[in-house]
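To start, the structure under review is shown below, and the notes come after it.
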Amino acid sequence: MLAVWSSGLFVLRIVLTFSELFLTPDLSDDGPGKDVYAFTLWLALALVVILAMIQLGAAAFKREGASRGRSSAPASSSWSAPAGSATAS
């Protein structure tokens with residue numbers, strides 16, 4: 001049974017090594033995927049900026065401070081305790 005398991009792992013290692021040769025992107029200066037990845041990066045960054053501006057604009061339009069605070073600092077609520085949660089002894 002151990003021989004079957006070891007041979008299965010050996011075959012899996014060969015298949016994964018072979019597939020890694022085709023699936024690893026070449027992002028060097030003269031690599032074929034450099035332009036595609038650069039365009040995708042800029043597209044993603046532009047989308048982040050546009051969606052952040054939409055979120056801030058919607059919060060300003062509603063004139064609601066809670067949603068404005070959520071849009072500008074989404075992780076702040078998870079790091080701090082809510083007000084009034086500490087009890088005085």
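The values are calculated or read from the model by the stated rules, or taken from the named source; none is laboratory data. Model, not experiment: these values are computed from the prediction. Heads up, the Cβs are rebuilt from the backbone with ideal geometry, glycines too, and the neighbour counts pull from every protein chain shown.
All but one of (1) surrounded by 11 or more Cβ atoms within 10 Å (Cβ to Cβ); (2) modelled with pLDDT under 90; (3) not β-branched (Val, Ile, Thr) hold for residue 75; state the number of the condition that does not hold.
Condition not satisfied by residue 75: (1).
For residue 22, are the conditions met, namely being over 20 Å from the mean Cα position of the chain (by Cα) and of a type outside the set (Val, Ile, Thr)?
Details: over 20 Å from the mean Cα position of the chain (by Cα): yes; of a type outside the set (Val, Ile, Thr): yes.
Against the criterion (over 20 Å from the mean Cα position of the chain (by Cα) and of a type outside the set (Val, Ile, Thr)), residue 22 qualifies.
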